[in-house]
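Single-structure report; data block below.
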Amino acid sequence: MKNPDIHFERRGEEQEVAVIRLTRPAKRNALNDALILAIRDLFENMPEGVRAAVIDGEGDHFCAGLDLSELKERDAGQGLHHSRMWHAALERVQYGPVPVIAALHGAVVGGGLELASACHIRVADESTFYALPEGSRGIFVGGGGAVRIPRLIGASRMADMMLTGRVYNAQDGEKIGMAQYLVPQGSAFDKAFELAVRVAQNAPLTNYALIHALPRIAEQPADQGFLTEAMMAAIAQSAPEAKQRVRAFLDGKAAKVSKG
Ligand code: 1HE
């Protein structure tokens, strides 16, 4: 059944970019169970032809995290399964069919930061702020944040955010690695969309390698990582598309790297 709190559309000249928007601004895009399951379903059923995705939030905030009104008394087993449900959904985002770019503004807090950290690129506008209020709500992260957020900013910074309630603004957040891009207020979506169009032009196997192989290689011991890298490189370069692209460069028909 269609969920009114999330919007999906295809954009781009070839409809190659999926735009996924949280549309629950009255509740600051807080993620209830139905919304988490809808995110999972969207990434599991991404239509053929989509080659990159942008996720953003309607209203003044990207996402206020877990819907606290649903945080009823759960016993340990129920709590475990609830967290695992988030894990399953955000795994579909991180290890799904296409690279995902988060367009951030306003609050990126709690589970909202967990969602953002499952994306491959984060573009933040100047209104963005990051926090993990779980610490002061007497709970803990449960949507994969304990794994993904330290990989962005380090475990000690994450511990500080949760212990002291520290809030990072957009500028400081970008400096410590929360986002790869910092843009003027109101322009995060446009920048994210521009990047998505660019990402969608890559060979699909290269994008696959970047979202499925690279993070795993980075976690492997070096000698295993080198072997996985070699195998992924061999698979990627064997694709006819790779050969065409290299030939186009050698024939002077493809763009050079420019200073930007
Ligand atoms: C919510 C939620 C929510 C807003 N669950 N209803 N996340 C938090 O602890 C963050 C809680 N939210 C806030 O600190 C603020 O709402 C914001 C800084 C995000 C935005 O402030 P503001 O002034 O724009 O909005 P507001 O007046 O606080 O909220 C507007 C409405 O949204 C209000 O409901 P209303 O019916 O009174 O209008 C709020 O109750 C509602 N609302 N945030 C439910 N989160 C997998 S584990 C993850 C664990 C976590 O994510 S814990 C962190 C939860």
Taking the range 104-157 and the residues there that are assigned to a loop (DSSP other than H, G, I, E, B) and among the β-branched types (Val, Ile, Thr), the one that is surrounded by the most Cβ atoms within 10 Å (Cβ to Cβ) would be Thr128
So, first residue among the charged types (D, E, K, R) in the range 113-129, second residue part of a loop (DSSP other than H, G, I, E, B) and buried (at least 24 other Cβ atoms within 10 Å of the Cβ), Cβ within less than 6 Å, six or more apart or across chains; the pairs are Glu114/Gly143; Arg122/Ala179; Asp125/His105
Taking the range 224-246 and the residues there that are modelled with pLDDT of 95 or more and of a type in the set (Gly, Ala, Ser), the one that is farthest from Thr206 (Cα to Cα) would be Gly225
Only one of (1) within 13 Å of the ligand (Cβ to nearest atom); (2) farther than 19 Å from Ile211 by Cβ; (3) in contact with an Asp or Glu (Cβ under 6 Å, 6 or more places away or on another chain); (4) not charged (D, E, K, R) does not apply to Gly144, and that is (2)
Per the list (1) more than 19 Å from the chain's Cα centre (by Cα); (2) in a helix (DSSP H, G or I); (3) touching a residue at least 24 places away in the same chain (Cβ under 8 Å), residue check on Leu227 breaks on (3)
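A quick yes/no check of all residues on (1) among the small types (Gly, Ala, Ser); (2) within 13 Å of the ligand (Cβ to nearest atom); (3) surrounded by fewer than 17 Cβ atoms within 10 Å (Cβ to Cβ):
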site	(1), (2), (3)
Asn32	no, yes, no
Ala64	yes, yes, no
Gln78	no, no, yes
Ala89	yes, yes, no
Tyr95	no, no, yes
Subset of the range 166-191, residues part of a loop (DSSP other than H, G, I, E, B) and either hydroxyl-bearing (Ser, Thr, Tyr) or surrounded by 13 or more Cβ atoms within 10 Å (Cβ to Cβ) (or both), comes to Arg166, Val167, Gly177, Met178, Ala179, Gln180, Ser187
Next on the checklist: Quick check on Leu152: is it modelled with pLDDT of 95 or more, closer than 18 Å to Gly177 by Cβ and either within 9 Å of the ligand (Cβ to nearest atom) or among the small types (Gly, Ala, Ser) (or both)?
Outcome noted: no
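The values are calculated or read from the model by the stated rules, or taken from the named source; none is laboratory data. A quick note: this is a predicted structure, and the numbers were derived from the prediction, not measured. Heads up, the Cβs are rebuilt from the backbone with ideal geometry, glycines too, and the neighbour counts pull from every protein chain shown.
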